[in-house]
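Only one structure is covered here, and it is reproduced in the block below.
The values are calculated or read from the model by the stated rules, or taken from the named source; none is laboratory data. Everything quoted here is computed from the prediction, not taken from an experiment. Quick reminder, even Gly has a Cβ in these numbers, built from the backbone with ideal geometry, and neighbours come from all protein chains shown.
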Amino acid sequence: MPLLKEFRYHSPATVGEALKLADKSKEPLLLAGGTLVLNYLKRSPRCPSDVIGLKKIKALEGIKDSKEGVSVGAMTTIAELLDSALIKKSFPSLIQACARIATTPIRNMATIGGNCCSRFYWVDLPAVLESLGAKVVVATSRKKQIVSLRDFLSSKPSKKAVVTRILFPRKDLWGCYFRYTKTMDVDIPSLGLAFACRRNNSKCADVRIIVNTTTSLPLELKQTQKLFEARELGRIDPNQVRECLDADAKGTKLDEYRLSCLAADLGNLK
Ligand SMILES: Cc1cc2nc3c(=O)[nH]c(=O)nc-3n(C[C@H](O)[C@H](O)[C@H](O)COP(=O)(O)OP(=O)(O)OC[C@H]3O[C@@H](n4cnc5c(N)ncnc54)[C@H](O)[C@@H]3O)c2cc1C
């Protein structure tokens, strides 16, 4: 069994303290729920000099509702999201995605911040969050910024920046999430599809269709989005859906199997 290598462990109580520690450290590593980090610490040939635990930082906790939208602390676990009445009511697609992540012990530890910051192409939440227009609050020792999730994921990762909260500026979006795995067991997704739109009477508006696992960034299906705009779900020609998907797939790793999955589920949306 691989053993942990030596490092200094810190448990700051504020974001400011965590940032100071990260700035002073030669090779810092932030630790949230640890579902990925602990594996990395055991298996990676590189070892951080300092592991900075975020668990005691109160400012990274809690799900808050306001006129400006919903704000979710980066240390909120997948299990807490699943338990939240506010998330259930406002973002059903997020609940659908969380319910499919791993197993209860992992969901009790894994955080929304860790899911977004891991930058693995296959994790479930970035596609859903992007479909819902989520923004990320990023703090460094010099500044605090609010950026779109896409800008955050496109930027160079920094070991000296703490994501403090995930913001959902819009609560008027309906959405759903489809997830496809290679096996029927607990498995990481081979494809995830997040759909969101405002339902304007029975028509769709502000349509967002995002998929994961095909590119390092969640992929926006722009042609397919356009097709759904101002149309009624359940009344779109499946052949047109497939044509738009084919156009969006050009230059991506969306293969025939994945395209068929997307066409079937998008075609059946009601
Ligand atoms: C058995 C198993 C099954 C899994 N199945 C799934 C699955 O089905 N779907 C899925 O999406 N994921 C899955 N995962 C991946 C993982 O559990 C999740 O992505 C999880 O949400 C990561 O969160 P964490 O809090 O454990 O992150 P950690 O492991 O603590 O951190 C992950 C990375 O993010 C950085 N980080 C964490 N928080 C912050 C922050 N606030 N600011 C800046 N950087 C930060 C860390 O430094 C690290 O680089 C699985 C993992 C395991 C071990």
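A compact table of results
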read-out	value
Unmet requirement for Asp185, which otherwise passes all of (1) charged (D, E, K, R); (2) over 30 Å from Leu19 (Cβ atoms); (3) crowded, with 17+ Cβ neighbours inside 10 Å	(3)
Conditions (1) part of a loop (DSSP other than H, G, I, E, B); (2) modelled with pLDDT of 95 or more; (3) of a type in the set (Asp, Glu); number of the one not met by Asp172	(2)
Hits in region 17-48 (condition: of a type in the set (S, T, N, Q) and closer than 20 Å to Asn115 by Cβ)	Thr35, Asn39, Ser44
Residues being among the small types (Gly, Ala, Ser) and out of contact with any strand residue (DSSP E or B) (no Cβ under 7 Å at 6 or more places or on another chain) - total across region 95-132	4
Matching residues, region 219-238, being assigned to a loop (DSSP other than H, G, I, E, B) and either on the phi < 0 side of the Ramachandran plot or surrounded by 13 or more Cβ atoms within 10 Å (Cβ to Cβ) (or both)	Leu221, Glu229, Arg231, Leu233, Arg235, Ile236, Asp237
Residue satisfying all of: in region 34-51; over 21 Å from Ile78 (Cβ atoms) and of a type in the set (S, T, N, Q); nearest to the chain's Cα centre (by Cα) among these	Ser44
Long-range neighbours under 8 Å by Cβ, at least six apart or interchain, first residue more than 17 Å from Ser131 (Cα to Cα) within region 187-208, second among the basic types (Lys, Arg) and more than 16 Å from the ligand (Cβ to nearest atom)	Ser190/Arg258; Lys203/Arg231
Elements of type strands (runs of 3 or more DSSP E) contained in region 5-121, each with 3 or more residues being within 14 Å of the ligand (Cβ to nearest atom), closer than 21 Å to Lys156 by Cβ and touching a residue at least 40 places away in the same chain (Cβ under 8 Å)	28-31
All positions within region 139-170 that are hydroxyl-bearing (Ser, Thr, Tyr) and over 16 Å from Gly73 (Cβ atoms)	Thr140, Ser141, Ser148, Ser154, Ser155, Ser158
Ile87 vs. criteria over 16 Å from the mean Cα position of the chain (by Cα) and surrounded by 14 or more Cβ atoms within 10 Å (Cβ to Cβ)	no
Residue match in region 108-120 (condition: surrounded by fewer than 17 Cβ atoms within 10 Å (Cβ to Cβ), at pLDDT below 95 and in contact with a Leu (Cβ under 9 Å, 6 or more places away or on another chain))	yes
Tally of residues being surrounded by 13 or more Cβ atoms within 10 Å (Cβ to Cβ) and either outside the structural domain of Gly113 (by TED's automatic domain parsing) or not in a loop (DSSP other than H, G, I, E, B) (or both) across region 152-161	2
Given (1) within 9 Å of the ligand (Cβ to nearest atom); (2) of a type in the set (Val, Ile, Thr); (3) touching a helix residue (DSSP H, G or I) at 6+ places or on another chain (Cβ under 8 Å), index of the condition Ile209 fails	(1)
Count of region 122-164 residues which are out of contact with any Lys or Arg (no Cβ under 8 Å at 6 or more places or on another chain), farther than 24 Å from Val207 by Cα, more than 8 Å from the ligand (Cβ to nearest atom) and of a type outside the set (Lys, Arg)	4
